[in-house]
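So the structure is just underneath, and the comments pick up after that.
The values are calculated or read from the model by the stated rules, or taken from the named source; none is laboratory data. These numbers come from a predicted model, not from an experiment. Because the Cβ atoms are built from the backbone with ideal geometry, glycine has one as well, and the counts that use them run over all protein chains shown. The area values use the complete protein model at the heavy-atom level, side chains included, leaving out ligands, DNA and RNA. Shrake-Rupley method; radii C 1.70, N 1.55, O 1.52, S 1.80 Å.
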Amino acid sequence: MKKISFIFLPILFFLYVSGETYLKLNHSSLCESTGCKLADSLLLFDSIYLNFIGILAGLAILITGILAYTKIVHKNFFYIVVGASLLFETIMLGYQYYASPEMCKFCMGVYAFLVAIMFTASFKHFIVAIIGAISVFVSLSFLAIPQSKPYLIKDGTYLIQSATCPHCKKVKEYMKENYIEFKKINIEDIEAQHFATFLNFKTIPILVDKKGTHIRIINGDKDIIDSYNKSSKDDDKSSGIVIEESVSIDSTFNAVKDEGCGFANLNTITKDESDCTTPTKE
């Protein structure tokens, strides 16, 4: 059993990672699923470098396994290398689980190898490693991790808003009174916050109107309402993305008066509408 744990399984693991690396270098892969492609897109660097890291980890596990089996080094060195690799892969898979709608099958294979190696090598160390892996997985569930999913799937009007923002309520009331259909997107969602930050908008509401390839984005309650009041709103038939900025936003405040609510510190916003009021500059 020990020979399987310290030598046979590490050899198979090393060949598994090396084979995937070879295939990827030749524009192929053991896993062609959407989950694998999304996993690659979550990295800060080219995914091939992660394969190289996997090869180094596999080689380290194999070498320490052989040395531990022949009693040249203590077995704890082997357990440390396998445990560290298991925790590393737990973070990678855990992030995929929360951020991606589909898991990477190759990564799941890597995880299965590491679990099998640790389980067969030492049940005591396996329990410790699993407790650590569960802790990492649970801690990731506490984070607001953006998910790789589209929001603007269909044509229509979308309003990025918050239930506690009076400027948002003003726009929603106007749209309901004028029978304008829209879909609400909560600014509390991390994806919505990233979208607004990407556009350098620091306040809500934000209106996104999608019609085919034409996307109109308007920030601020005044400009949103004015855009519907203008008769020329139907004249613009050009394609592309149009961002209509309402005002110059002062980053020293959480909101611009009569325009919108700041969303940088949403945890301080309560149902009291006065929380959204911006102090006037003196």
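Quick one: count up the residues across the stretch 119-135 that are crowded, with 18+ Cβ neighbours inside 10 Å, outside any loop (DSSP other than H, G, I, E, B) and either touching a residue at least 40 places away in the same chain (Cβ under 8 Å) or in contact with a Leu (Cβ under 6 Å, 6 or more places away or on another chain) (or both).
4
Please go through the stretch 20-35 and give me each residue that is more than 15 Å from Leu93 (Cα to Cα), part of a helix (DSSP H, G or I) and either open to solvent by less than 30 Å² (accessible area, probe 1.4 Å) or in contact with a helix residue (DSSP H, G or I) (Cβ under 6 Å, 6 or more places away or on another chain) (or both), ordered by number.
Passing the criteria: Glu20, Thr21, Lys24.
Identify the residue in the stretch 36-50 that is of a type outside the set (Ser, Thr, Tyr), more than 18 Å from Phe113 (Cβ to Cβ) and in a helix (DSSP H, G or I) and, among all such residues, is least open to solvent (accessible area, probe 1.4 Å).
Ile48
So which pairs qualify, if the first residue must be in the stretch 214-241 and more than 23 Å from Ile153 (Cα to Cα) and hydrophobic (A, V, I, L, M, F, W, C), the second must be in a helix (DSSP H, G or I) and modelled with pLDDT of 90 or more, the Cβ gap must be under 8 Å, and the two must be at least 6 apart or on different chains?
What qualifies is Ile225/Lys170; Ile225/Val171; Ile225/Tyr174.
For the stretch 183-227, give me the residue count where each residue is open to solvent by 50 Å² or more (accessible area, probe 1.4 Å) and under 13 Å from Gln161 (Cα atoms).
Matching residues across the stretch 183-227 total 7.
Only one of Leu114, Leu86 is out of contact with any Ser or Thr (no Cβ under 6 Å at 6 or more places or on another chain) and open to solvent by less than 20 Å² (accessible area, probe 1.4 Å). Can you tell me which?
The match here is Leu86.
Can you tell me which residue in the stretch 97-107 is surrounded by the most Cβ atoms within 10 Å (Cβ to Cβ), limited to those that are in contact with a Leu (Cβ under 7 Å, 6 or more places away or on another chain) and part of a helix (DSSP H, G or I)?
The residue in question is Phe106.
Specify the residue that is surrounded by the fewest Cβ atoms within 10 Å (Cβ to Cβ); the eligible residues are those in the stretch 51-83 that are touching a Pro at 6+ places or on another chain (Cβ under 8 Å) and of a type in the set (Gly, Ala, Ser).
That would be Gly58.
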